[in-house]
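Below you'll find the structure, written out as structure tokens, and then a few comments.
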Amino acid sequence: MAEIHVLDESTIDKIAAGEVVERPASVVKELVENSMDAGAHAVTVEIREGGIEFIRVTDDGSGIERSQVRNAFLRHATSKISSVADLMSLNSMGFRGEALSSIAAVSKVELVTKTADDVTGTRLCLDGARETAFEEVGAPDGTTFIVRNLFFNTPVRRKFLKTAMTEASYVTDLLEHMALSRPEISFKYVINGQTKFYTNGDGDLRAIIYRIFGRDIAGEMLEFQVVDEDIVLEGFLGKAVLNRANRNFENYFVNRRYIKSKIISKAIEEGYQPYMMQHRYPFCVVHITVPPESVDVNVHPTKMEVRFSNQNGIYKLIAENISDFLSRQEMIPQAGIGQEKKSGKKEEKRGLPPKAPEPFERTRRLADNPVGVANVFREDAGYNSTKNDTDVTSDTPSFFVDNRTDIPQTIQQGSLANVPCVPPGKILGTPPKDNASLEIIKAKEQIIVEKPEQLNFFDEKLLTREAKQEYRIVGQVFGTYWIIEYRDKMLMIDQHAAHEKVKYEQILKKVENNDVYTQTLTPPVVINVTPKEADVLQSYGQYFRELGFEIEDFGMDSFAIRGVPLDLFGHDIQELFEEVLTQLLQSPVKGVPQIIREKIASMACKAAVKGNSTLSFEDADKLIEQLLELDNPYNCPHGRPTIISMSKYEVEKKFKRIV
């Protein structure tokens, strides 16, 4: 029999480090979270060779006292909690006390830190958790971590790292999410000496979305906020046109913590379901704030998973409020004549305000230059921030304004208007492309520019019974599309998509109102299930009966399906039922299961009037009338638009009536 022995501390540390430090992005995550917990207002992250060879994280937080520096690298040493009871009311990002010891065990670490009360700072160097230097140094307030040669002493782990470019992409994705999670913190990210992106930490979430994802994305985001007792949902929801083929653009945060959750993803998708094509996923940035005692973050060493004490309640709250919010929006796509807009992450280089300060230099620079870092103008009608402040990108016309008396020619030509003063240090945007006015105030050699609010000249919905009184049906083109004139808009309706949606809603209403008829199956369909699936059938027995299913226990983990909803008769019942069970096992259900929705959509599609079919004006008018009665008339069951709009301005611009 093999001898049982206790592993040495070095081996234990390296094994434990494998749970926390998976790749360079894991190191960056732990160090940046420590910066957040230290109350940092600015964080700079620099990596080289994908973070494998070099990582530096600098912040202007509270720092670490000299007497506590060595303790910070001990296993299970933390200042975040003192007992297990503290886990029930966590307000910090970290709490395990494993990160620094794990990082030090598999890399060469240098720490420079100083508190506001200390005259000088402290420098500690570790080589694979072995101390090589501990000394007093001059340093500004805050902390700097330098991590070199990651996994240098664990070659087995190092060989599983990917290329430097791939590892850098993981770090980039992480920092983008961290910037979205904390708009009030200024982030600067540098790769191989080149600035990747910068946020100014003014709390403007839309500006960060603009900087990370680009103008086209930011222009299609809708501000969203819901307060339900002690739970708050807020952020931005993308319009249906921003759909993606995967869930990578579903950005959500729980108590400002970036996580991944199947419950939240499913709830978001449930809310978007009427507006999204099948197998497409929405774009959103949602902050979820819940009482700390109602969520458990102590699930996994990486802290990327959480559990809710009332997961069904959270699911329902998110799904219903997103669905309700989107139902109140005008979802008609605006068709332009010209080049289609590109969607996706912005490929251009992210901009950085001139002379952007490092965290340690921020206070001193602002004191020396009261005007602030930079005032940059951008001509951009696609980005409508809810605030007057906006961000800066290097691919737009800009110039730097400081205490000098010279004024760029573009400002001198602007008209004047009364505007309030803007605090020093603000980064300001240009007005829209219409001839909105600017106010240039030069006082004590300071220049302040205010962006006026844009007016919404068309804030009423197009698809209402009242609006229909002004519709004028012009005719049909290509045997498929109906042209309608309404004020200064030209609407185009896809008759197949519109009729499909009407049929779909009619069938779905019957299912949801329990107004369904059951078709008896002869002989019955017998299915075999696992113990878990059998439990689901018992739990949702009443649910299936309301949908029109007749199911009996057939013994030996088998069930006999003796009846199905009449509208689903003729489909592969065994396949349908197995898919419904799979969905019920994966996540909670609100309303009609998705697979049944898909079958109903398929039935509606087959029954709807096809394209290239001529309809009379009376039939078209009746179809429009039925479409207007729906809660969501904008998309067919598969997510395609039923109607698009083009403005008179766009048409006249194409004919050169407007130059």
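The values are calculated or read from the model by the stated rules, or taken from the named source; none is laboratory data. The structure presented is a predicted model; accordingly, all values stated were derived computationally and were not measured. Using ideal geometry, Cβ is built from the backbone for each residue, glycine included, and neighbour counts are taken over all protein chains shown. Side chains are part of the model used for accessible areas, which takes the heavy atoms of the whole protein and leaves out ligands, DNA and RNA. Shrake-Rupley method; radii C 1.70, N 1.55, O 1.52, S 1.80 Å.
Below is a table of values for the structure above.
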read-out: FRET efficiency, 1/(1 + (r/R0)^6) with R0 51 Å, evaluated for GLU65 and ASN612 via beta carbons; value: 0.10
read-out: Estimated inter-spin distance, ARG247 and GLU625, nm [label 7 Å along Cα→Cβ]; value: 4.4
read-out: Rg over Rh, two decimals, the stretch 113-242 (C-alpha only, Kirkwood Rh); value: 1.08
read-out: Violating pairs (Cα-Cα greater than 20 angstrom) within the set LYS196/LYS262; LYS501/LYS622; LYS159/LYS262; LYS29/LYS108; value: LYS196/LYS262; LYS159/LYS262
read-out: Cα shape, the stretch 188-293, gyration tensor, a/c 1.5 rule; value: oblate
read-out: Gyration tensor (Cα) of the stretch 182-233, equivalent ellipsoid semi-axes in angstrom; value: 27, 15, 8
read-out: LYS316 - accessible surface, heavy atoms, 1.4 Å probe, Å² rounded to 10; value: 110
read-out: Accessible surface of the stretch 472-561, 1.4 Å probe, proportion on carbon and sulfur as whole %; value: 51
read-out: Sites ARG640 and VAL156 - FRET efficiency at Förster radius 45 Å, r taken between beta-carbons, to 0.05; value: 0.35
read-out: Global geometry of the stretch 122-189, whether rounded, prolate or oblate, following the gyration tensor of its Cα atoms and the 1.5 cut on a/c; value: oblate
read-out: Cα centroid separation - the stretch 468-531 against the stretch 122-175, whole Å; value: 58
read-out: Ratio Rg/Rh [Cα only; Rh per Kirkwood] for the stretch 507-586; value: 0.94
read-out: Mean separation of Cα contacts under 8 Å, 6 or more apart, over the residue count of the stretch 173-303: relative contact order %; value: 23
read-out: List ARG157, ARG211, ordered by accessible area with a 1.4 Å probe, largest first; value: ARG157, ARG211
read-out: Accessible area of the stretch 184-275 belonging to carbon and sulfur atoms, whole % at 1.4 Å probe; value: 43
read-out: Cα-projected label distance for THR518 with THR530, points at 7 Å along beta-carbon direction, nm; value: 2.8
read-out: Stretchable slack from GLU575 to TYR649, in nm (0.36 nm times residue separation minus alpha-carbon distance); value: 21.5 nm
read-out: Pairwise centroid distance, computed over Cα atoms, of the stretch 227-257 with the stretch 573-587, Å; value: 27
